[in-house]
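Written out below as structure tokens is the structure these notes cover.
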Amino acid sequence: RLLRQALSHAVKLGLLVRNVAEAVQTPKPRHVEMSTLSPEGVHSFLEVARETPYYSLFHTALYTGMRRGELLALRWKDVDLDKATLSVVRSIYRGSGGDFTVREPKTQRSRRLIALSPSLVMVLRDHQAERRARSILIGKTIPELIFSHLDGSPLDPSTVSHAFGKVIKKARVPSVRFHDLRHTHATLMMKQGINPKVVSERLGHSTVAMTLDLYSHVVPGLQEQAALRFDEGLQREVGALGTENGAGGFG
């Protein structure tokens, strides 16, 4: 598709006579079954993670559904622990040369405000207090980044993923990737009956349709529940109308 767009632009500029890519049928993306942790798996994972320096990072990933790059770019000024909110305004990447690059989110929807649960606020407060205490010991101010080395330098994304894999293995839960914590967050919220629009906003998806396409299949019975709720809701409305008409009639 990208090549087709480029060649089409070249045709418009008169550099090519025809776009040969138009003769190629675009392959359909394969559906890949996502892996997620169960509620029991989440508990086991966090119990093991608690003994590592990455506990607050993994906890935040599970409880917000944020991407790895968004988490590693998160600053204390992006979080309001009193209001229990967190603003996603940037993401961090490590290039092939080893340099870190901070970028703004790709879309406007990716820039988002995420409400924090009371347990996550407590974890972040403890993390902040620990970071402040360790910084005082070495005579420095607390690093701007929430999840970083003590000198303030960003964590290497691959190192974080490697540490995550070791925790997963020790916790004896199904093998998942770091990104699957995001899927786990969304899946558990959908199963709990959270409005898909809210889930979509937390994840920063471009549309609610995208969220439903990704996660509706992991919640068996959604169609049946929808049909049942429609039926029950309509019956209540009809019943209420019948009562009103009966009460207001001439006998």
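Give Lys169/Lys197; Lys140/Lys169; Lys77/Lys140; Lys170/Lys197; Lys83/Lys170 a once-over and call out the pairs whose C-alpha atoms are over 27 Å from each other. The answer is Lys169/Lys197; Lys140/Lys169; Lys170/Lys197; Lys83/Lys170. With every protein chain in place and a 1.4 angstrom probe, the accessible-area ranking of Ser119, Ser135, Ser158, largest first, reads Ser158, Ser119, Ser135. Residue ranking by accessible heavy-atom surface, 1.4 Å probe, largest first, among Met66, Met34 comes out as Met34, Met66.
Cα convex hull of region 50-139: mean projected area in nm², to one decimal?
Details: hull surface 28.8 nm².
About 7.2 nm², averaged over all directions.
For Ala73, the residues 5 or more places off, or on other chains, whose built amide H falls under 5 Å of its own are Ile92. List the pair-distance distribution P(r) of the chain, using every Cα-Cα distance, as the percent of pairs falling in each 10 Å bin from 0 up to the bin containing the longest distance, rounded to whole percents. Spelled out bin by bin, the chain gives 6, 22, 27, 19, 13, 8, 4, 1, 0 percent.
Cross-link partners for Lys12 among the lysines, with Cα-Cα distance under 28 Å and sequence neighbours closer than 8 places in the same chain left out: Lys28, Lys106.
The values are calculated or read from the model by the stated rules, or taken from the named source; none is laboratory data. All values reported here derive from a predicted model rather than from experimental measurement. For the accessible areas, the whole protein counts, side chains as well, though only heavy atoms, and no ligand, DNA or RNA atoms are used. Shrake-Rupley method; radii C 1.70, N 1.55, O 1.52, S 1.80 Å.
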